[in-house]
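To start, the structure under review is shown below, and the notes come after it.
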Amino acid sequence: MNFGDFELKSYEELKNDKDYQFFISDIYNNKCKNGESFIDYRTRVVSAFNTILDNSNKNIVIVTHGGTIFYILNNLFKEDKNIYDLQIDNG
């Protein structure tokens, strides 16, 4: 996810920032300042995943992090799940 101006900053660094407070008030719909929202991120992940599937006739491996895995699984199973319901262990 593109966290824009919030990238590589801790909660302690951001907790009093009005732009950050706006973002966390609705993280699924509000964009990070100069970044993207979770909806933007989800759209980008699902689009890329579908492109990979559409252009591959072989076995594929995708190495990525938990947020991306969640959106791929959520899209595949078409269930309205919370990100914490689809946690995948490392490896």
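Within the same chain, lysines fewer than 8 places from LYS18 are excluded, and of the rest, those with a Cα less than 23 Å from its Cα are LYS9, LYS31, LYS33. With contacts taken as Cα pairs under 8 Å at a separation of at least 6 residues, the chain carries a relative contact order of 22 percent.
Amide H contacts of SER37: CYS32, each under 5 Å away and 5 or more positions distant or on a separate chain (H built 1.01 Å from N in the peptide plane; Pro and chain starts excluded). Using the Cβ-Cβ distance between GLU7 and LYS58 with R0 set to 41 Å, the FRET efficiency works out to roughly 0.75. The HN-Hα couplings worked out from phi for the stretch 51-56 by the Karplus form 6.51 cos²θ - 1.76 cosθ + 1.60 (θ = phi - 60°) are 5, 4, 5, 5, 10, 10 Hz, whole numbers, x standing for Gly and Pro. When each of the peptides 68-74, 18-24, 6-12, 38-44 is scored by how many other beta carbons lie within 10 Å of its residues on average, the order from highest to lowest is 68-74, 38-44, 18-24, 6-12.
Spacing of the modelled spin labels on HIS65 and ALA48, each 7 Å from Cα toward Cβ, amounts to 1.1 nm.
Solvent-accessible area assigned to carbon and sulfur over the stretch 13-91 amounts to 49 percent, based on a 1.4 Å probe. Both the radius of gyration and Dmax for the chain are 15.1, 50 Å, in that order, over alpha-carbon atoms.
The values are calculated or read from the model by the stated rules, or taken from the named source; none is laboratory data. Worth saying up front: this structure is predicted, and the values here are computed from it rather than measured. Counting neighbours? That spans all protein chains shown, and the Cβs are built from the backbone with ideal geometry, glycine included. Areas reflect the complete protein model, heavy atoms only, side chains present, ligands, DNA and RNA absent. Shrake-Rupley method; radii C 1.70, N 1.55, O 1.52, S 1.80 Å.
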